[in-house]
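What follows is a single structure, written as structure tokens, with notes after it.
The values are calculated or read from the model by the stated rules, or taken from the named source; none is laboratory data. Everything numeric here is computed off the predicted structure, so don't read it as measured data. Neighbour counts run over all protein chains shown; Cβ positions are idealised from the backbone, glycine included.
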Amino acid sequence: MSKFIDFDPLRGVETREDSYEGHIQLHYRQDVEPVLELAKAERIDGLTDHGIKNDLWLYARIPPVVILELRFKHGIDIFKRDHLKRAFQLINSEYPWLKTTEKRHTLAH
């Protein structure tokens, strides 16, 4: 049975802890539905596409729990520039529901 540790009301992330055989495991939970609904509305309406020509483009909305998943499951830190190419590839292939556009973005490296 996991034990409640913390709740971040700003991000809506709940932290829980499990311990077994001398090991501690942290679990992060978040209701991402509002973020996904917003991204979907922006994608359908093309609301974020106007900034492409001005080098300002909201490509995806990435909830904190997905940032953690990218880090621990895929080894990607979206805050490191040299990880962005792989991050865009994963967003396009495995997390398309986070996108705020129907367009595809890639980085050349």
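The table that follows gives values for the structure above.
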item: Residues (in contact (Cβ under 8 Å) with a residue 12 or more places away in the chain, of a type outside the set (Val, Ile, Thr) and in contact with a helix residue (DSSP H, G or I) (Cβ under 7 Å, 6 or more places away or on another chain)) located in the range 69-102; result: Leu70, His74, Ala87, Leu90, Tyr95, Trp97, Leu98, Lys99, Glu102
item: Leading residue by the ranking (farthest from Tyr95 (Cα to Cα)) among those in the range 19-35 that are within 24 Å of the chain's Cα centre (by Cα) and acidic (Asp, Glu); result: Asp31
item: Those residues of the range 53-73 which are modelled with pLDDT under 80 and closer than 18 Å to Lys40 by Cα, in sequence order; result: Trp57
item: Number of the condition not met by Ile76 [criteria: (1) at pLDDT below 95; (2) part of a loop (DSSP other than H, G, I, E, B); (3) aliphatic (A, V, I, L, M)]; result: (1)
item: Qualifying residue in the range 38-48 (condition: within 13 Å of the chain's Cα centre (by Cα) and modelled with pLDDT under 95); result: yes
item: Those strands (runs of 3 or more DSSP E) lying entirely in the range 1-51 with at least 1 residues among the aromatic types (Phe, Trp, Tyr) and within 28 Å of Pro96 (Cβ to Cβ); result: 23-30
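Yes/no matrix, rows are residues, columns are (1) outside the structural domain of Leu58 (by TED's automatic domain parsing); (2) over 30 Å from Tyr59 (Cβ atoms):
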| position | (1), (2) |
| --- | --- |
| Met1 | yes, yes |
| Leu10 | yes, no |
| Thr15 | yes, no |
| Gly22 | yes, yes |
| Glu37 | no, no |
| Glu42 | no, no |
